[in-house]
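All remarks here apply to the structure that follows.
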Amino acid sequence: MKLKIYFLLVFPILVSAQSKVKFFNEVNIAYTVPNQLENTFLKEGFKNNFGFFSEFEHVTYKKFGFINGFQINKYNVTNSSVAGNAKNATLQTIHLKLVYHLKVTNKINIDPYVGYGFIEFRNINKTYGNSYILGTNFNYNLYKKLSLLVGVQYNATQYDITTNAAEKHFFNSSNNLQLNIGLNFRFRTLD
């Protein structure tokens, strides 16, 4: 049903504005460094080891684009009383972002975005949740279709963990400010 509604909303735009719609516009690949902002289980029990994301902009209409992506962050356990009896953990996110492409100069583009992600956190058990995303990428054009990407992203994450009311905020959420450094591969130019 949701797929039908999505098709009904998007199809008229695609038919009426074929020349303004572009498909398969760009790919972003980046190394990520998340910094936890609050006193939660992720900050108290783990240390970020490394992170990586890959994104693909599949539809662009005028200066707006839809991006699907996958992000993975690896963590080492620093406090087993909080994290459990494990050596490491993995946080995986599948996300969808709405981006606006803003050309500042011939060399610099700014891409602010909002998004939503589905979370899987693997430690001893699997935990699921969702993430609300707000960020901006700054692209510096190295060549015609290759840019250096530097971005800042805020993630507000809610986990589906059952716990008592006093510890709910500690275990059910994490907010981080994430730095992204990578490359942007553009297949088509924006108008």
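The values are calculated or read from the model by the stated rules, or taken from the named source; none is laboratory data. Values in this document were obtained by computation on a predicted structure and should not be read as measured data. Don't worry about glycine lacking a Cβ; one is built from the backbone with ideal geometry, like all the others, and counts go over all protein chains shown. Only protein heavy atoms, including side chains, enter the accessible area calculation; ligands, DNA and RNA are left aside. Shrake-Rupley method; radii C 1.70, N 1.55, O 1.52, S 1.80 Å.
Give the stretch 106-129 a look and list any residue that's open to solvent by less than 70 Å² (accessible area, probe 1.4 Å), within 11 Å of the chain's Cα centre (by Cα) and among the hydrophobic types (A, V, I, L, M, F, W, C), or say none. Step through it out loud before you land on a result.
Our first condition is that a residue be open to solvent by less than 70 Å² (accessible area, probe 1.4 Å); within the stretch 106-129, this holds for 108-113, 115, 117, 119-121, 123, 127, 129.
In the following step, the residues that additionally are within 11 Å of the chain's Cα centre (by Cα) were identified as 113, 115, 117, 119.
The answer is Ile119, and nothing else.
Answer yes if at least one residue in the stretch 54-70 is open to solvent by 90 Å² or more (accessible area, probe 1.4 Å), modelled with pLDDT under 90 and either at negative phi or aliphatic (A, V, I, L, M) (or both), and no otherwise. Let's see the steps before the verdict.
Step one: filter the stretch 54-70 for residues open to solvent by 90 Å² or more (accessible area, probe 1.4 Å), giving 62, 64.
Remaining after also requiring modelled with pLDDT under 90: 62.
With the extra rule that they be either at negative phi or aliphatic (A, V, I, L, M) (or both), the set shrinks to none.
No, because not a single residue in the stretch 54-70 is open to solvent by 90 Å² or more (accessible area, probe 1.4 Å), modelled with pLDDT under 90 and either at negative phi or aliphatic (A, V, I, L, M) (or both).
Condition check ((1) farther than 21 Å from Val27 by Cα; (2) open to solvent by 70 Å² or more (accessible area, probe 1.4 Å)) across all residues:
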residue: Ile94; (1), (2): no, yes
residue: Val104; (1), (2): no, yes
residue: Ser131; (1), (2): yes, no
residue: Asn139; (1), (2): no, no
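Cβ-Cβ below 8 Å, separation at least six or inter-chain, first residue in the stretch 98-125 and closer than 29 Å to Asn141 by Cβ, second open to solvent by less than 30 Å² (accessible area, probe 1.4 Å) and in a loop (DSSP other than H, G, I, E, B): which pairs?
Asn109/His101; Asp111/His101
With respect to Lys47, determine if the residue is over 20 Å from Tyr132 (Cα atoms), open to solvent by 50 Å² or more (accessible area, probe 1.4 Å) and without any contact (Cβ under 8 Å) to a residue 40 or more places away in the chain. Spell out how you get there, then give the answer.
Values: over 20 Å from Tyr132 (Cα atoms): yes; open to solvent by 50 Å² or more (accessible area, probe 1.4 Å): yes; without any contact (Cβ under 8 Å) to a residue 40 or more places away in the chain: yes.
Against the criterion (over 20 Å from Tyr132 (Cα atoms), open to solvent by 50 Å² or more (accessible area, probe 1.4 Å) and without any contact (Cβ under 8 Å) to a residue 40 or more places away in the chain), Lys47 qualifies.
Give me the pairs: first residue in the stretch 54-74 and free of Cβ contacts under 8 Å to residues at least 40 places away in the same chain, second residue open to solvent by 70 Å² or more (accessible area, probe 1.4 Å) and of a type in the set (Ser, Thr, Tyr), beta-carbon distance under 9 Å, and six or more apart or on different chains, which are they?
Going by the 9 Å Cβ cut-off, the qualifying pairs are Phe64/Tyr100.
Among (1) farther than 16 Å from Thr60 by Cβ; (2) modelled with pLDDT under 95, where does Gly182 come up short?
Against the list (1) farther than 16 Å from Thr60 by Cβ; (2) modelled with pLDDT under 95, Gly182 comes up short only on (2).
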